[in-house]
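Read the structure below first, then the notes.
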Amino acid sequence: MTMIPAAGPNFQPASALDYMPRPELQQLQLHRLQTVIRRLWERVPLYRTRMNERGIAPEDIRSLADIVNLPFTSKTDLRDTYPFGLFASPMEDVVRLHASSGTTGKPIVVSYTQEDLDTWTSVMARAIASCGLHKGDILQNAFGYGLFTGGLGYHYGAEQLGSTVIPVSGGSTDRQIMIMRDFGVTAICCTPSYFLHLLDRGEALGVDFRQLRLRIGMFGAEPWTVAMRRHFEEAAGIKAYDLYGLSEIIGPGVAVECRCQDGLHVIEDHFYPEIVDPDTGEPLPDGEEGELVFTTLSKQAMPLARFRTHDLTALIPGPCPCGRTLRRIRRIGQRSDDMLIIRGVNVFPSQVEAVLLDVEGTLPHYQIVLTREHGLDQMEVQVEVTSRMFSDSLGALEALQKKLAGVMERVLQIRVQVTLVEPRTIQRSEGKARRVIDRRQA
Ligand code: DLL
């Protein structure tokens, strides 16, 4: 295969595949698509049934355009087959599991073979290189390590690139700032809201990030604005890059900005993007905003065909001045569903509802109020209690509040302030209930 890497002082071998000529890329995509669809048809009953229903067989995928004949996959499909029903590899070949929030109390489980982990590492190395990191950079990885894909995704990618990784994970803000200064950190990755908090805390501690060695920030896992980018770049003296991904597709590393900071290049040799009308599912032309849909082209353990991300964006027409041949998507601002992202953690209002329906003494009338204090998202859940409960002792109310806060934290994986309110105090609506009041400003 011939590559035409863009020459230049900043070119790194890890980026070579980003510059593949389009005809070769499309040939590779088609070959991988055919292979992955056959794998799904042979190994995952849900896909075989759906494809049979549509009268489509693996050999009917003759061109990339044929992808539109395949059925979609949704988060509901992952929930309905919980935990392992969409796996296409035997469990003994699965070497890692991660999980993210589902729409109810149960998470969504994703799996990786060793080959999948190698793919993930290589796409993350490319993504991090696209943000200008090199061997010799010292990366403070403040994404959570654990079931969330952020921490480990960055970890292996940055190590492969040859950077020094500090696996500090999230939290312990003062220690993060000490490490940033004392270890000569040159790059950081975390959620944009956490970086906002770090800046805030740095200011309170009298640490000016512009005086440190920090030069690059890689942010993602939640939407952030161009205004916030400008703030980060000015206040910290860095270049701030947007990096996108989702657990179902691989984790972080699905799309990333380059030095032009004008859209995110999709790592198209592994993830095939489409934009569809969120209501009808019809494909939309380049430039038009719609729902982003991905087909994984190389995953082994849990390939997905036409997964509906609910993220709204558009494919940007035309090439990027950086020379990468990978198509770009616009920054993601909004979702087409009600998923909230609070400090990088995905939360569905339906999860809150499921907890309330399970706990005696509360009514399923609730409201979620989101605020931001010192750069950190705060979530309050106001819950109506039953009249009987309300006339009970203060002790009983306190016990209920504590119990709810505990269960919410366990189910949602973030700390929640629970406020019990009298029956009939939460405003009733005549149409769709207004469950979420978001007072966080961009
Ligand atoms: O958030 C993976 C990730 C980790 C991406 C670290 C970037 C950095 P999930 O927890 O499955 O995976 O959440 C995926 O988060 O569908 C988007 O709605 C949102 N999201 C992720 N990155 C961005 C971004 C990780 N750069 C969901 N901009 C996605 C806007 C983002 N939203």
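Just so you know, in the stretch 234-260 the residues that are outside any strand (DSSP E or B) and within 13 Å of the ligand (Cβ to nearest atom) include one that is nearest to the chain's Cα centre (by Cα), and it is S247. For the stretch 200-233, which residues satisfy the criterion of being more than 28 Å from Q300 (Cβ to Cβ), of a type outside the set (F, W, Y) and near the ligand (Cβ under 7 Å from one of its atoms)? E222, P223 - these are the residues of the stretch 200-233 that are more than 28 Å from Q300 (Cβ to Cβ), of a type outside the set (F, W, Y) and near the ligand (Cβ under 7 Å from one of its atoms).
Which residue is surrounded by the most Cβ atoms within 10 Å (Cβ to Cβ), if the candidates are limited to the stretch 85-117 and must be of a type in the set (A, V, I, L, M) and within 13 Å of the ligand (Cβ to nearest atom)? Checking each candidate, the answer is V110.
For the stretch 298-314, filtering for residues that are away from the ligand (no atom under 13 Å from the Cβ), open to solvent by 10 Å² or more (accessible area, probe 1.4 Å) and hydrophobic (A, V, I, L, M, F, W, C) leaves 0. Evaluation of E222 against the conditions (1) within 24 Å of the chain's Cα centre (by Cα); (2) outside any loop (DSSP other than H, G, I, E, B) shows that the sole unmet condition is (2). No other residue among L152, L199 is among the aliphatic types (A, V, I, L, M) and either assigned to a loop (DSSP other than H, G, I, E, B) or over 20 Å from E373 (Cα atoms) (or both) apart from L152.
Whether a residue is on the phi < 0 side of the Ramachandran plot and at pLDDT 95 or above was assessed, and L214 passes this test. Can we say L357 is of a type in the set (A, V, I, L, M), outside any loop (DSSP other than H, G, I, E, B) and buried (at least 22 other Cβ atoms within 10 Å of the Cβ)? No: the conditions fail for L357. A residue that is of a type in the set (F, W, Y), at pLDDT 95 or above and surrounded by fewer than 24 Cβ atoms within 10 Å (Cβ to Cβ) can be found somewhere in the stretch 272-293. Among the residues examined, R181 qualifies as free of Cβ contacts under 8 Å to residues at least 40 places away in the same chain, surrounded by fewer than 21 Cβ atoms within 10 Å (Cβ to Cβ) and more than 23 Å from H270 (Cα to Cα).
Taking the numbered list (1) within 12 Å of the ligand (Cβ to nearest atom); (2) assigned to a strand (DSSP E or B); (3) of a type outside the set (G, A, S) in turn, Y272 passes all entries but (1).
If you go through the stretch 360-383 and pick out every residue that is outside any strand (DSSP E or B) and in contact with a Lys or Arg (Cβ under 9 Å, 6 or more places away or on another chain), you end up with 3. Do the conditions hold for R213, that is, is it of a type in the set (K, R), farther than 26 Å from Q441 by Cα and open to solvent by 40 Å² or more (accessible area, probe 1.4 Å)? It is true that R213 is of a type in the set (K, R), farther than 26 Å from Q441 by Cα and open to solvent by 40 Å² or more (accessible area, probe 1.4 Å). For the stretch 256-271, the criterion of being in contact with a Cys (Cβ under 6 Å, 6 or more places away or on another chain), open to solvent by less than 20 Å² (accessible area, probe 1.4 Å) and hydrophobic (A, V, I, L, M, F, W, C) is met by at least one residue.
Of the residues making up the stretch 132-150, those that are buried (at least 22 other Cβ atoms within 10 Å of the Cβ) and closer than 26 Å to D262 by Cα are L133, L139, Q140, N141, A142, F143, T149, G150.
Mind listing just one residue for me: the one in the stretch 58-84 that is in contact (Cβ under 8 Å) with a residue 24 or more places away in the chain and charged (D, E, K, R) and, of those, nearest to R38 (Cα to Cα)? So the residue we want is D77. Of the residues making up the stretch 360-378, those that are within 20 Å of the chain's Cα centre (by Cα) and either within 16 Å of the ligand (Cβ to nearest atom) or surrounded by fewer than 16 Cβ atoms within 10 Å (Cβ to Cβ) (or both) are L370, D377. Across the stretch 121-170, what is the total count of residues that are among the aromatic types (F, W, Y) and within 11 Å of the ligand (Cβ to nearest atom)? So the answer is 3. Given the structure, is Y82 modelled with pLDDT of 95 or more, under 30 Å from V407 (Cα atoms) and either away from the ligand (no atom under 15 Å from the Cβ) or open to solvent by 40 Å² or more (accessible area, probe 1.4 Å) (or both)? Yes.
The values are calculated or read from the model by the stated rules, or taken from the named source; none is laboratory data. Please read these numbers as outputs of a predicted model, since none were measured by experiment. Cβ atoms come from the backbone with ideal geometry, glycine included; neighbour counts cover every protein chain shown. Heavy atoms of the whole protein, side chains included, go into the accessibility calculation; ligands, DNA and RNA do not. Shrake-Rupley method; radii C 1.70, N 1.55, O 1.52, S 1.80 Å.
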